[in-house]
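Only the coordinates and a few stated rules stand behind these numbers; no lab work does. Note that the coordinates shown come from a computational prediction; the quantities given were computed from them, not determined experimentally. No Cβ is skipped: glycine too gets one built from the backbone with ideal geometry, and neighbour counts run over all protein chains shown.
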Amino acid sequence: MTELAKKRPEFRNINAFKDLTTYRMTPAAWVSILHRASGAVLFLLLPFILWMFDTSVSSEISYGRFTAAFSAGLGFVPGWLLKLVALALVWGYLHHLIAGMRHLWMDVSHDAVNKQFGKTSALFTLVVSIALTLVLGAKLFGLY
C-alpha cells in the first residue's frame, strides 16, 4: 500500500468559538431541538399547569381569582409575566403536538421520508406552531 492510501481522514471535535458561529443547522435540526425544549418546558411548568386547571374549575369564586391573577398579578408576580408564562406554555404545547405528529407521520410512512420531506415538514411545523401561538397570544393579551 502506498503512503497516500494509508492516510485516513482525521475528524476532530467542533471548536465552540470558531465553528459554531459559522455552522448552519437545518430546519429539521431546529425542530428537533425545539421539540425537546418544548417537552422540557411542559414538564417543568407542570405545577403551574395544574394550579391553573385546579383554580379555573374549582368554583366560580376561584375562577374569578384565576382571571384576576392574569390582570392584577399574583403576589409579587405581575399579571403580564403570568401571561408570558402562559404564552410559553401555549407555544410549548402547540410545537410539541405538531412536531410529535410530524414524527408519527414519519414513523408510519417510511416511503415518504427523504431530505425534502424533512425540510418541508420541519418548516411547516415551525410556521404553524408560531402562527397559532401568535393568534392565541393576541387573544390572551386582549387584542381581539
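If only the Cβ of Lys and Arg carry +1 and only the Cβ of Asp and Glu carry -1, the dipole of the chain around its Cα centre is close to 580 debye. Partner lysines whose Cα lies under 16 Å from the Cα of Lys83, excluding those fewer than 8 positions away in the same chain, are identified as Lys139. In the chain, helical runs assigned H by DSSP with n ≥ 4 each contribute -39500 (n - 2.57); averaged across all residues and rounded to the nearest 500, the mean residue ellipticity at 222 nm is -24500 deg cm²/dmol.
Highest mean packing first, where packing is the average number of other Cβ atoms within 10 Å per residue, the peptides 31-41, 114-124, 85-95 line up as 85-95, 31-41, 114-124.
Once the gyration tensor of the Cα atoms in region 2-86 is diagonalised, the equivalent ellipsoid follows with semi-axes of 52, 14, 9 Å, ordered largest first. Counting only Cα atoms, the chain measures 84, 39, 27 Å along its principal axes, largest extent leading. With contacts taken as Cα pairs under 8 Å and at least 6 residues apart, the chain reaches a relative contact order of 28 percent. Dipole magnitude for region 1-64: about 680 debye, using +1 per Lys or Arg Cβ and -1 per Asp or Glu Cβ, origin at the Cα centre.
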